[in-house]
1. Go through the range 121-134 and give me each residue that's closer than 15 Å to P70 by Cα, touching a Pro at 6+ places or on another chain (Cβ under 8 Å) and surrounded by fewer than 16 Cβ atoms within 10 Å (Cβ to Cβ).
2. Check every one of the strands (runs of 3 or more DSSP E) wholly within the range 55-150 and list those with 2 or more residues that are more than 25 Å from F165 (Cβ to Cβ), modelled with pLDDT of 95 or more and touching a strand residue (DSSP E or B) at 6+ places or on another chain (Cβ under 7 Å).
3. Can you name the number of the only condition in (1) surrounded by 18 or more Cβ atoms within 10 Å (Cβ to Cβ); (2) acidic (D, E); (3) more than 13 Å from the chain's Cα centre (by Cα) that E36 fails?
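The values are calculated or read from the model by the stated rules, or taken from the named source; none is laboratory data. Because the structure is a prediction, the values reported are computed rather than measured. Counting neighbours? That spans all protein chains shown, and the Cβs are built from the backbone with ideal geometry, glycine included.
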Amino acid sequence: MDGSRHLRRPATATLLQRCAFFLVPALLTAGCASFESISPGTPAQQVQARVGAPTDIWKSPDGSEVWEYPRGPLGTETYMITLGPDREVRSVRQVLTDQNISKLKAGMSRDEVRRMLGKPGSIKVTESLNEETWWWRYREWQTRTMELYVQFDWPAGALTKVTRFQIDTSDGKRQ
């Protein structure tokens, strides 16, 4: 030997890294594919078997329900599955979209925003400013990762401001 030392990584770390490299993308893709495989007419029991229990259920007077599946807090999708009174799927929608975000208007209630976009990734209340801020991460035009901040007048619960930031710029700075 020439006196130089060669250090080796433990085999277990390499094996874990390899497993994580292949498993994490597969699990993420499997979660997305599960919602795409749900079509109109699918019974509620099959929906739960495929994607689990919803985070929230919104009941309508006509007997239909909307099941909410947020993929956050760092996920960029929230799915809403509408079930008819017969407990079969009517529609499956990914609601964190540019189209839905563009419908946000000053004066909307918290409930209206929640039903439109689903559960936020976080909620922050600043009492000194009488402000409540909800935050989501989403994909703009299905390409750019964005952050969405929706501000409410805290006591009244009315939407006051909508702000978007691009977070995946090449220099790592927000725009």
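1. Taking the range 121-134 first, the residues closer than 15 Å to P70 by Cα are 121-123, 134.
Filter once more, keeping what is touching a Pro at 6+ places or on another chain (Cβ under 8 Å): 121-122, 134.
If the condition is that a residue be closer than 15 Å to P70 by Cα, touching a Pro at 6+ places or on another chain (Cβ under 8 Å) and surrounded by fewer than 16 Cβ atoms within 10 Å (Cβ to Cβ), then S122 is the only one that fits.
2. Details: elements: 56-59, 65-70, 78-83, 89-94, 122-126, 131-140.
Because the criterion is at least 2 residues that are more than 25 Å from F165 (Cβ to Cβ), modelled with pLDDT of 95 or more and touching a strand residue (DSSP E or B) at 6+ places or on another chain (Cβ under 7 Å), the strands (runs of 3 or more DSSP E) in the range 55-150 that meet it are 56-59, 65-70, 78-83, 89-94.
3. It fails just one condition, (1).
A quick yes/no check of all residues on (1) surrounded by 13 or more Cβ atoms within 10 Å (Cβ to Cβ); (2) closer than 21 Å to S34 by Cα; (3) not charged (D, E, K, R):
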{"site": "D98", "(1), (2), (3)": "yes, no, no"}
{"site": "L104", "(1), (2), (3)": "yes, no, yes"}
{"site": "L117", "(1), (2), (3)": "yes, yes, yes"}
{"site": "R137", "(1), (2), (3)": "yes, yes, no"}
{"site": "Q151", "(1), (2), (3)": "yes, no, yes"}
{"site": "K161", "(1), (2), (3)": "yes, no, no"}
{"site": "R164", "(1), (2), (3)": "yes, no, no"}
